[in-house]
Amino acid sequence: MGEETSEALYTVILTKIQDEEAKKKVAETLSRVTTNLPADKASKRMESLPWTLTRRATAKNAERLVRVMERLGATVQVSPSPAEATSPESVGTQVVLDPTLLPEAQTAVSDDLSGTPGDAIVPASASSVQAEGQPSPPQQSPPPVPPELNVKDGPEPPGGDGFSIEPLSFGGILDRTFQICRRHFWKLFAIVVIPYLIVAALAISVSIVAAVVGFTLQALGDVSIWVLIAAAVTLIPSIIVAIIAVFYLSQGALIYAVSVVHLGRDIRVGDAYRFVLARLVKFVLTSVLLVIVILAAFLIAVLFGVVLFFISKEIFSSGWWSAITWLPLSLIPFYASFKLLLFDKIVIIEDIAYTNALKRSWDLLTGKADGGWPRGYFLRMIILLFLFGLISITIALVFQIPASIIAALMPESWIVGSVVQHLLSNIGGLIGGIFGGVCLVVLYYDIRSRKEGFDLTMLAQQHE
Amino acid sequence: MKENPQIVTAETPEQVGLQFHLAGIGTRFIAYLIDKLIQTGMVLGLTLIALLLLILTGKLTSVGEFLVRLRDSLGWWLIAPAILGYEIITKGYFIFFEYLWNGSTPGKRSQEIRVIRKDGRPISFVAAVIRNIFRAVDILGEIYPLGLVVMFIDSRNRRLGDLVAGTLVVREGELKPSVICTPLEESDTADAEIRNVALEMTMGDYNLVRRFLARRDSLGADYRRDLARQILERVSRRSVSIGEQSSDPEAFLEKLETLCRRETKEI
């Protein structure tokens, strides 16, 4: 048994069958030597040759299969399997014990004959093949099969909408973002639009009340200065704080909602807001801390700039030579702010706040991912943000084009045109914001899956 | 055709069901950007080569004068052939590659996606022409306002060109990480503890072990250790004891994976 693991594996492709009689025989034989392929399905499958029978046959078994097939009147092609096809990763999809679980055509047969792992057939035992083919050296009978192997039992890590939360490719992050937005668009839109509706309702209410009581700006002159000061000190900050809180609530609720749907559960708008309410103070205070850190980074950059100015003045007799360092120095606060950009996800999802949240965001965005370019997590995020800049422009255009047409159609009532234009561009901005928010949550989970095996942890903790 | 959010089953004329993974909007967007970069590079490269040739042959001035005369006689109509030429290059690029490269373009190939007909057959020349002519409707200012809306609404991520030409964009395949395990020795095979755990394992357990082993090198050290222990706890939940093997969960999982793989019935 031990020698099989290091043996080269081969791909066996059925390319041609002599006639109907041969087809029938091949189908019967295949159904006899496999556990997952009834004769009728094999027969049907043979209507569109070539057919990759297996990509992981040992030399001995490939030889047996060729002999059997040729004796029955079929032509097969054998070639060494590429490393990817022979990797045990593909084994999982080829281990098929329950025939009812295999779709009729679990294949995406491409024109270059490379089948998917699922299109392999799995002979029940080597001895069955031997019975049909030439005698071969005696083999140890295989050990018993684990009795409960069942592909129904969680083959994919949990994730929403049939998506797994396994590490995604760069394009996969965008795909997942679009998919979440498409499936939960109205809920996500409702979450982000609520603060705007509240502000609009407040503004309209104040206007109505002012109109009813006959209050105008001119009337402010009649009000006592102390009343105005008291109002300025209490009322205005309260309103600002309330509005900020509502916007933070909305942002947190969006993160939570996306997180929930990404992991495959359903969410209600109210639940998302309720969940975030408990973490609102931490969220706001960590945001304040973030601003302080970015300002500190900015001050450090300025300080370095000043120091370099005087150094270059000493060296080159003119301090302006230090101007060449200004661009890289100005990148410091940007770098810091981008590295800390995942802090909100960390506060809302993991309930880690303040400096710990900032440090964790920094750590998550440090390092490199396996796979194709871009490998660095930080670079991935920057490019994703750039792509979403492009997508946001596209979304903005979607709304601005009809708005411009409406405005052009109503030249006499420019107010209506202007309002429509303003409204539609705001909606476009909101939708762009939703896409950006969803994308960053998906990226956050992707990084966690890659660096921390988050998806595997979920699977390991999953109850049967 | 029937489908779930990601997989579409195409029924061929021979009544064989072929399953394809639909390419997502994001992947298609990246593929388009790559193609656009290549096209821009091509146009700039050709322009530079032409300029270089004109400079080397000393005909730059005479060609410049000819263009000025042309502009004086044609006015702004001179832009029309320029636009036409640009469109021929850009649309022609997609038609050329999609037809000759079996539905792929360099951008699509980099993202491992390709265009097929909705019955699963390779894209035809006519379909390639139709879907790419409709890019003019889908695209405005080199981005996809209408195309994006249509793709977003359509459950199969088709833009207008795809709808008219009867095509789909599908994924070629999946990247599979490799699992590197130490070969199982005969003595390990005989180990009763591993065998007991293996006998009780489900396919879900097996997949979990396999995924962990494939990705363990990219995990942080602490997470890797904890995860190995958690997975071992899960897979051995039905077993009475895993004894001393639990001191090195990862090695135990390796042996378990190798044993399970070996013991399943396959060629």
**OP:** Just grab the label-to-label distance for A:Glu314 and A:Ala8, each label 7 Å out from Cα along the Cβ direction, in nm (one decimal).
**Re:** 6.8 nm
Subject >> the stretch B:2-171: radius of gyration over Cα atoms, expressed as a fraction of 2.2 N^0.38 Å >> reply: 1.27
Original post:
Using the beta-carbon distance between B:Val137 and A:Asp363 and R0 = 30 Å, what value does 1/(1 + (r/R0)^6) give for FRET efficiency, to the nearest 0.05?
Top reply: 0.05
**OP:** Would you mind computing the Rg to Rh ratio of the stretch A:211-359 from its alpha-carbon coordinates, Kirkwood style for Rh?
**Re:** 1.20
Subject >> Sequence-separation-based contact order of the stretch A:338-464, relative, with Cα cut under 8 Å and 6+ spacing, percent >> reply: 22 percent
Original post:
How do A:Leu289, A:Leu327, B:Leu52, A:Leu379 rank when sorted from fewest to most other Cβ atoms within 10 Å of their own Cβ?
Top reply: A:Leu327, B:Leu52, A:Leu379, A:Leu289
Original post:
For the stretch B:2-171, what is the relative contact order in percent, using Cα pairs closer than 8 Å and at least 6 residues apart in sequence?
Top reply: 27 percent
Original post:
Using r as the Cβ-Cβ distance of A:Leu327 and B:Leu78, and R0 as 45 Å, what FRET efficiency do you calculate, to the nearest 0.05?
Top reply: 0.65
Original post:
Normalised by the number of residues in the stretch A:276-427, what is the relative contact order in percent for Cα pairs under 8 Å and 6+ residues apart?
Top reply: 17 percent
**OP:** May I ask you to work out the translational diffusion coefficient for the stretch B:37-108 at 25 °C, viscosity 0.890 mPa s, via Stokes-Einstein with Rh from the Kirkwood sum over Cα pairs, reported in whole µm²/s?
**Re:** 171 µm²/s
Original post:
What length, rounded to one decimal in nm, is gained on full extension from B:Arg225 through to B:Asn102, with 0.36 nm per residue of separation minus their alpha-carbon distance?
Top reply: 39.7 nm
Original post:
For A:Glu20 and A:His422 in one chain, what is 0.36 nm times their gap in residues minus the Cα-Cα distance, to one decimal in nm?
Top reply: 137.7 nm
Original post:
How well do other chains shield peptide A:171-181, expressed as the mean number of their Cβ atoms within 10 Å of each residue Cβ?
Top reply: 6
Original post:
Suppose R0 equals 41 Å; then what is the FRET efficiency for A:Ala231 and A:Leu430 from their Cβ-Cβ distance, rounded to the nearest 0.05?
Top reply: 0.85
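Only the coordinates and a few stated rules stand behind these numbers; no lab work does. Keep in mind it's a predicted model, so treat the numbers as computed, not measured. Because the Cβ atoms are built from the backbone with ideal geometry, glycine has one as well, and the counts that use them run over all protein chains shown.
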